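> Have a look at this one before I ask anything.
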4 protein chains.
Amino acid sequence: MIAVLKHTATPEQIEALTRWLEHSGLHVRSYTANGTSLIGLIGDTGKVDVELLQSMEIVDTVTRVSEPFKQVNRKFHPEDTIVQVGSTFLGGDHFTMIAGPCSVESESQIIQIAMAVKQAGATILRGGAFKPRTSPYAFQGMGQEGLRLLQLAKEVTGLPICTELTNIQQLPLLEEVDMIQIGARNMQNYELLKEVARCGKPILLKRGLSSTLEELLMSAEYIMSGGNNQIVLCERGIRTFETRTRNTLDLSAVPVLQSLCHLPVIVDPSHGTGHAALVPSMALAATAAGAHGIMVEVHNDPAKALCDGAQALTCDEFSYFAQRIRKVREALL
Amino acid sequence: MIAVLKHTATPEQIEALTRWLEHSGLHVRSYTANGTSLIGLIGDTGKVDVELLQSMEIVDTVTRVSEPFKQVNRKFHPEDTIVQVGSTFLGGDHFTMIAGPCSVESESQIIQIAMAVKQAGATILRGGAFKPRTSPYAFQGMGQEGLRLLQLAKEVTGLPICTELTNIQQLPLLEEVDMIQIGARNMQNYELLKEVARCGKPILLKRGLSSTLEELLMSAEYIMSGGNNQIVLCERGIRTFETRTRNTLDLSAVPVLQSLCHLPVIVDPSHGTGHAALVPSMALAATAAGAHGIMVEVHNDPAKALCDGAQALTCDEFSYFAQRIRKVREALL
Amino acid sequence: MIAVLKHTATPEQIEALTRWLEHSGLHVRSYTANGTSLIGLIGDTGKVDVELLQSMEIVDTVTRVSEPFKQVNRKFHPEDTIVQVGSTFLGGDHFTMIAGPCSVESESQIIQIAMAVKQAGATILRGGAFKPRTSPYAFQGMGQEGLRLLQLAKEVTGLPICTELTNIQQLPLLEEVDMIQIGARNMQNYELLKEVARCGKPILLKRGLSSTLEELLMSAEYIMSGGNNQIVLCERGIRTFETRTRNTLDLSAVPVLQSLCHLPVIVDPSHGTGHAALVPSMALAATAAGAHGIMVEVHNDPAKALCDGAQALTCDEFSYFAQRIRKVREALL
Amino acid sequence: MIAVLKHTATPEQIEALTRWLEHSGLHVRSYTANGTSLIGLIGDTGKVDVELLQSMEIVDTVTRVSEPFKQVNRKFHPEDTIVQVGSTFLGGDHFTMIAGPCSVESESQIIQIAMAVKQAGATILRGGAFKPRTSPYAFQGMGQEGLRLLQLAKEVTGLPICTELTNIQQLPLLEEVDMIQIGARNMQNYELLKEVARCGKPILLKRGLSSTLEELLMSAEYIMSGGNNQIVLCERGIRTFETRTRNTLDLSAVPVLQSLCHLPVIVDPSHGTGHAALVPSMALAATAAGAHGIMVEVHNDPAKALCDGAQALTCDEFSYFAQRIRKVREALL
């Protein structure tokens, strides 16, 4: 770690800073060139509070030389981690489609969608039972009954199931769940991360709405340092000023994360765009960008459902573009 | 709520959408002008899933006519809410200074700072015992021992204390705490919001790093609809592309929130800027913008502390600008 | 256009606003429902100053029902516009690769790269002669001499050439240029847009660093309303808080722009990511997203060039991924 | 400047990079610690293309040790620059109010507003004659006639005038103008910056919508290195995801710019917020933050104007808060 000091820093201040840093067990070397002083820190800088260092009066900028994430770092673990969910694998050369409704709503809904997405090639079923909602007045998910229906769909189709955890106290209820999703709003809920590290199940960790890729990796580091390396990272769009899409899907996250880290990286184009019409092209783009998989909402479009059972058609849409995704995969082998 | 439909929408699709919305208990009126169709929704639109509506194939844009927040809405509650913390009041014509260290580190540290900030005019002591940290390897706070020391400082100075809650399971430990802080990373941890709604204590709710003001109000609505109206909102900077400050302090949040909502609004310039040198000017700016108070970190600067006990000087700095804040307040009476 | 008024608006204020809007030649209808007043504007709302309307004291929100862009709007011009540059076509079913160095640096450099990219399948040569640079001390391009070298490369290879215009006064020098680029920093330089509208040449219009897609379309509208419909839109990354990439490439811009507008849409992954290592995967992703082409910098890597002529290798890299792009194109036919 | 290299960098690559950098006239020193290689650059690094360096395959991060701006840098020019506009001074201990309408619309409008703002304490009159507008169909300003009316207002009131330049070719028309504004959209129109550097008049340089503070300073460096040091910087809000305000006014820009640079820094709360109701509190906040002045639109509110001549009232509003600004100034002396 290198700290560039302000030109107003006095020798006494630099000396004091040096002694403080050495107290933390670091080796400190200082340089002066062209009137600017620099301090180089050597040792386990993972414990250094960069924000504190940066906020100090005499410090201009702080640059990390080594990444703060260790266990998820590809540098120290060059080969890809393969995550197993039921009989499905994520990572390496595998390409995995996770599909299902936003929320579990009824037995017929979840069974119907589960069968359709399985037929189309999805190998993990997703469905929300506990829904984190912006409004306290909005539907918060079916809860335990939703979990029961998901499990039923698993029994019927054999697909492993993935659902979101929003509260540590729900953990005992998720015994039959094959993969636990940590949603974007909980990516920095460190208490939740510590708990799911202990549960041993595969974790799908979604990038926060305004999280940097390094922060996403630090959250994965929480889980991995807690003893669980079965982690799948998921890009799902970040918040920008653009209003034509709900979020801005950051597909460059795929190659960047893959170069920094050994965990599988998938993309959720449904939340990433907020418009069903944009999902196919963004799912194809994610595939071509080298993602290890996609996570797609297969809409149970209520408006259409009422008039012409269009739900099945939406499953058809998924089936159609799943084929196209396979073609892109084959073209890039 | 008004939904503008795409020009490609067929009469059958509009009819189906209308029927689905009516099923939700809303009155629906549709208009067509210059070839564009609109749907107006009348009734309790708070339950309508705007994002779902917006994601529909035939929907172009959705505009809310009435705000989704009800209980925190000034429209329905014109007079200011006054929040009482110990013998201190926040809101209305009160101006409140909350000060203290980022983390509680030792008995002498917290007692010394508590006495100094009290002397300078602060009426609530802040200090972190449970620290949400980006890195699992960073210091996570003193925990229960930190709470004990905070309580000691309260006994010595008589100042009510405010500390951050990061986990529902910590709640029983916070009995002696006078105000519970929900940090930026937990602003949308709805499970935590539901719990603190039940605890009855005053809540300091910080704006999330990339939250809109409407989302902050919806999080306050969670607490208030859960039965607790003792809520103070806190602007603490949002994430932008600017790198010279840690965050971008959004001071226009003060008048905007005050016009939309009846709760007190304070500003945290320490986290908002990330540099001690910027705190005084931003605290003065917040005061002039009409904030109901400020929350400031009184640094226990370790570098200086080692060489010349500069910690006291930092308390002096706080004391100096607290005087200036009072002058600005008086000038604007 | 619909304006939702604040609940504090008096009948007199609404009446005054209505009369003012009617003065502008619009039909105004007002509604009141559940205590909220709305104003609907019918007629040529393209001239209404939305920001002025929005800033008025009694106005809460303003929603456009029809888009402010007319001539570039697919609604009024459903078929794709095909842009011809030399003997190359952009738009419709065509897929076009534009390649070349960031700056023209020497005769051998531009000729060598031009031949290599032509061989690899590029059909337009790019190269900067006038470079807009953040620093006044940085190399500002070779200027006229750079234009001469570009033209030489055109003669040698037969490739049409594309270069950036930064100043109206350069226009006479660009007679032999086949396509004029308006860079991101000049996307809202309306005076420049008006001039290039008159010149009749094909225009490559890059999205501004923090421009919305609607603003990009409004800038295209400037050119098209000035009499020039030979416009190619280019997504090149937007500014966000992420620091691992120079910008965040917004690939959802491709399908969004294609649905709103009839002009060709290409993607520049070089500026969009800022790292050569990310270009291939993002170029493939852009292709799979349905872009009409890509614009790529073929680096004349000076570091490598000095030791092992790696420049040719970079051309090889382009050649290799150009093949992969063709495979993705074929897979999606 | 320090470049941290990727751990995959080979000695040959490092050697090649070193030689290339030395060719540019820099002294290069390389270090290796804990398996990571660093390169330190000494000399005139202002000419180094940081983005090119950063994009190289073997380079991980680049950190500047010294700022890329020289002439505007307070480090080399510690005392405040005072800018004179007519008989008004900006910078140092001066506090200056610039006020006037967004656009000049008629003789009576501009004269009336000019007299009112003078009376209220403004010492520079602003007014747009050439308006950069997002839509080609929107009113683009009165042009030369607007300039004539501004000049008339100057003769009547004695106030120096400030107006926006959008095109180099307008420069000869601005002979009677006392201060030239470069708008946010033209902050990186380097060709325009080079021209106004030569004109010798005071320049009001507005921060771009998504510009970093360093970029703003680099644009000022263009003007100053071109021979004109009469530059006033203006914060006017940046683009974020927040939708309740048109932009997010970044008031921390005031102390940050003042510490980095010796030029006066003013704030435009009108464009920064987009809502008249927010202007007074943000103008007061800017004052308390230590700004050297404010620039305010005195609205010629058409809706009100039609019914009750509310335009004068808006001038009254300005007059009222100008008094409050003076009180805040006095309190902080």
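The values are calculated or read from the model by the stated rules, or taken from the named source; none is laboratory data. Bear in mind the structure is a predicted one, so any value in this text is a computation, not a measurement. As a convention, Cβ positions derive from the backbone with ideal geometry for all residues, glycine included, and neighbour counts pool all protein chains shown. Accessible surface areas use protein heavy atoms only, side chains included; no ligands, DNA or RNA. Shrake-Rupley method; radii C 1.70, N 1.55, O 1.52, S 1.80 Å.
> Which residues, taken from the stretch A:241-297, are among the hydroxyl-bearing types (Ser, Thr, Tyr) and either in a helix (DSSP H, G or I) or open to solvent by less than 20 Å² (accessible area, probe 1.4 Å) (or both)?
If the condition is that a residue be among the hydroxyl-bearing types (Ser, Thr, Tyr) and either in a helix (DSSP H, G or I) or open to solvent by less than 20 Å² (accessible area, probe 1.4 Å) (or both), then A:THR245, A:THR248, A:SER252, A:SER259, A:SER270, A:THR273, A:SER281, A:THR287 are the ones that fit.
> Condition first: hydroxyl-bearing (Ser, Thr, Tyr) and surrounded by fewer than 23 Cβ atoms within 10 Å (Cβ to Cβ). Now tell me which residues in the stretch A:162-174 satisfy that.
Listed by number, the list is empty, since nothing qualifies.
> Within the stretch D:250-290, how many residues are within 23 Å of C:VAL50 (Cβ to Cβ), aliphatic (A, V, I, L, M) and at the interface with another protein chain (Cβ under 9 Å from one of its Cβ atoms)?
Result for the stretch D:250-290: 4.
> Just to be sure I understand, how many residues within the stretch A:178-188 are closer than 24 Å to A:GLN144 by Cβ and open to solvent by less than 10 Å² (accessible area, probe 1.4 Å)?
5
> Restricting attention to the stretch D:84-93, does a residue exist that is modelled with pLDDT of 85 or more, surrounded by fewer than 19 Cβ atoms within 10 Å (Cβ to Cβ) and under 20 Å from A:THR32 (Cα atoms)?
No: zero hits.
> Can I ask one more? In the list A:ASP80, A:ASP49, A:ASP44, which residue meets the criterion of being among the acidic types (Asp, Glu) and touching a Pro at 6+ places or on another chain (Cβ under 8 Å)?
Checking each option against the conditions leaves just A:ASP80.
> Kindly establish whether B:GLU105 is among the acidic types (Asp, Glu) and within 23 Å of B:GLY183 (Cα to Cα).
Against the criterion (among the acidic types (Asp, Glu) and within 23 Å of B:GLY183 (Cα to Cα)), B:GLU105 qualifies.
> Here is a further query. Restricted to the stretch D:113-142, and to residues that are out of contact with any Asp or Glu (no Cβ under 9 Å at 6 or more places or on another chain) and open to solvent by 10 Å² or more (accessible area, probe 1.4 Å), which residue is nearest to D:LEU192 (Cα to Cα)?
This residue is D:GLN140.
> Is it the case that the stretch A:149-161 has a residue that's surrounded by fewer than 24 Cβ atoms within 10 Å (Cβ to Cβ) and within 22 Å of A:THR81 (Cβ to Cβ)?
yes
> I need the full set of residues from the stretch A:97-112 which are of a type in the set (Gly, Ala, Ser) and surrounded by 24 or more Cβ atoms within 10 Å (Cβ to Cβ), in order please.
A:ALA99, A:GLY100
> Let me ask another. Check whether at least one residue in the stretch A:100-121 is of a type in the set (Gly, Ala, Ser), within 11 Å of another protein chain (Cβ to nearest Cβ) and over 24 Å from A:LEU213 (Cβ atoms), and report yes or no.
There is at least one residue in the stretch A:100-121 that is of a type in the set (Gly, Ala, Ser), within 11 Å of another protein chain (Cβ to nearest Cβ) and over 24 Å from A:LEU213 (Cβ atoms).
> Something else about it: So which of D:THR166, D:THR157 is within 14 Å of chain C (Cβ to nearest Cβ), free of Cβ contacts under 8 Å to residues at least 60 places away in the same chain and of a type in the set (Val, Ile, Thr)?
When all the criteria are applied, what remains is D:THR166.
> Note down all Cβ pairs under 6 Å where the first residue falls in the stretch B:173-187 and is assigned to a loop (DSSP other than H, G, I, E, B), the second is crowded, with 22+ Cβ neighbours inside 10 Å and not basic (Lys, Arg), and they're at least six residues apart or on different chains.
Between residues of the stretch B:173-187 that are assigned to a loop (DSSP other than H, G, I, E, B) and residues that are crowded, with 22+ Cβ neighbours inside 10 Å and not basic (Lys, Arg), the close pairs are B:VAL177/B:ILE161; B:VAL177/B:THR163; B:ASP178/B:VAL85; B:ASP178/B:ILE161; B:GLY183/B:GLU164; B:MET187/B:GLY208; B:MET187/B:SER211; B:MET187/B:SER219.
> Next question. Mind listing whichever residues of the stretch B:163-172 are among the β-branched types (Val, Ile, Thr) and assigned to a helix (DSSP H, G or I)?
If the condition is that a residue be among the β-branched types (Val, Ile, Thr) and assigned to a helix (DSSP H, G or I), then B:ILE168 is the only one that fits.
> Taking the condition under 22 Å from the mean Cα position of the chain (by Cα), among the charged types (D, E, K, R) and assigned to a loop (DSSP other than H, G, I, E, B), does A:GLU105 pass?
Here the answer is no, as A:GLU105 does not meet what is asked.
> Among the residues of the stretch D:189-238, count how many are open to solvent by 10 Å² or more (accessible area, probe 1.4 Å), among the aliphatic types (A, V, I, L, M) and part of a helix (DSSP H, G or I).
The qualifying residues number 1.
> Under 6 Å between Cβ atoms, at least 6 apart or on separate chains: pull out the pairs that start in the stretch C:129-148 with a residue that is more than 7 Å from chain D (Cβ to nearest Cβ) and part of a helix (DSSP H, G or I) and end on any residue that is of a type in the set (Gly, Ala, Ser) and surrounded by 17 or more Cβ atoms within 10 Å (Cβ to Cβ).
Once the first residue is more than 7 Å from chain D (Cβ to nearest Cβ) and part of a helix (DSSP H, G or I) and sits in the stretch C:129-148, its partners that are of a type in the set (Gly, Ala, Ser) and surrounded by 17 or more Cβ atoms within 10 Å (Cβ to Cβ) give C:GLY146/C:ALA129; C:LEU147/C:ALA129.
> Which pairs turn up if I take residues in the stretch B:3-18 that are more than 10 Å from chain A (Cβ to nearest Cβ) and part of a strand (DSSP E or B) and look for partners that are surrounded by 13 or more Cβ atoms within 10 Å (Cβ to Cβ) and small (Gly, Ala, Ser) with beta carbon separation below 6 Å, at least 6 apart in sequence or on another chain?
B:LEU5/B:SER37
For (1) loosely packed, with under 15 Cβ neighbours inside 10 Å; (2) facing another protein chain (nearest Cβ under 9 Å); (3) outside any loop (DSSP other than H, G, I, E, B), each residue gets a yes or a no:
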| site | (1), (2), (3) |
| --- | --- |
| A:GLU22 | yes, no, yes |
| A:VAL28 | no, no, yes |
| A:THR32 | yes, no, yes |
| A:LEU38 | no, yes, yes |
| A:LEU41 | no, no, yes |
| A:GLY46 | no, yes, yes |
| A:LEU52 | no, yes, yes |
| A:ASP60 | no, yes, yes |
| A:GLN71 | no, no, no |
